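J.: First, the structure itself, so that you have it in front of you.
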Amino acid sequence: MEIVKARALAARLSRRKQQIAVTLSHLESERSEVEKNTEWKDAWARQRRKSLLNYLNRWYAKEINEINRALERVSKDNYGACASCNCAIEADWLETFPEAEYCRTCQQMIERMERS
């Protein structure tokens, strides 16, 4: 992969990581408020809110982990190579998913196996 292109995608990943950090901070504040406020009229609604906040926290933590792995690949100069078949990951795929670890074909195969 071109160094210039890899650096541009790495910068995009870094900006996304910063955005997620802000979001996670906000989610933590929301979670704290839900925990403090015990005067909910509906206990089920409170539990659903806690569940949603926990789900979002896990989602964003997973995304940060994927971004960190992608940034590590950039620093090791193997960004853009599929971790499965070692072929170049399609440029349009990386534009859409700059944290992609697998080419489109391998990613689809992995997803099919996970559904089985």
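Read-outs throughout are calculated quantities, based only on the coordinates presented, and are distinct from any laboratory measurement. Because the structure is a prediction, the values reported are computed rather than measured. Reconstructed Cβ throughout: ideal geometry from the backbone, glycine too, with neighbour counts over all protein chains shown.
J.: Please tell me which of these pairs span more than 29 angstrom C-alpha to C-alpha: Lys50/Lys76; Lys5/Lys50; Lys17/Lys50?
T.: The pairs that break the limit, which is 29 Å between Cα atoms, are Lys50/Lys76; Lys5/Lys50.
J.: Using the Cα gyration tensor of the range 13-87, with a ≥ b ≥ c the square roots of its eigenvalues, what is the shape: rounded (a/c below 1.5), prolate (a/b larger than b/c) or oblate (neither)? Before the final figure, lay out each step's value.
T.: On the way: a/c = 6.11, a/b = 2.84, b/c = 2.15.
Prolate, since a/c reaches 1.5 and a/b exceeds b/c.
J.: Mind sorting Arg48, Arg104 by how few other Cβ atoms lie within 10 Å of their own Cβ, fewest first?
T.: The fewest-first ordering by Cβ neighbours comes to Arg48, Arg104.
J.: Quick query: amide H of Ala81 versus all other amide H atoms, modeled in the peptide plane; which residues come in under 5 Å with a sequence gap of 5 or more or a different chain?
T.: Ile89
J.: Evaluate the charge dipole of the chain about its Cα centre and quote only its size in Debye, nearest 20, assuming +1 on the Cβ of each Lys and Arg and -1 on the Cβ of each Asp and Glu.
T.: Using Cβ point charges on Lys, Arg, Asp and Glu, the chain gives about 260 debye.
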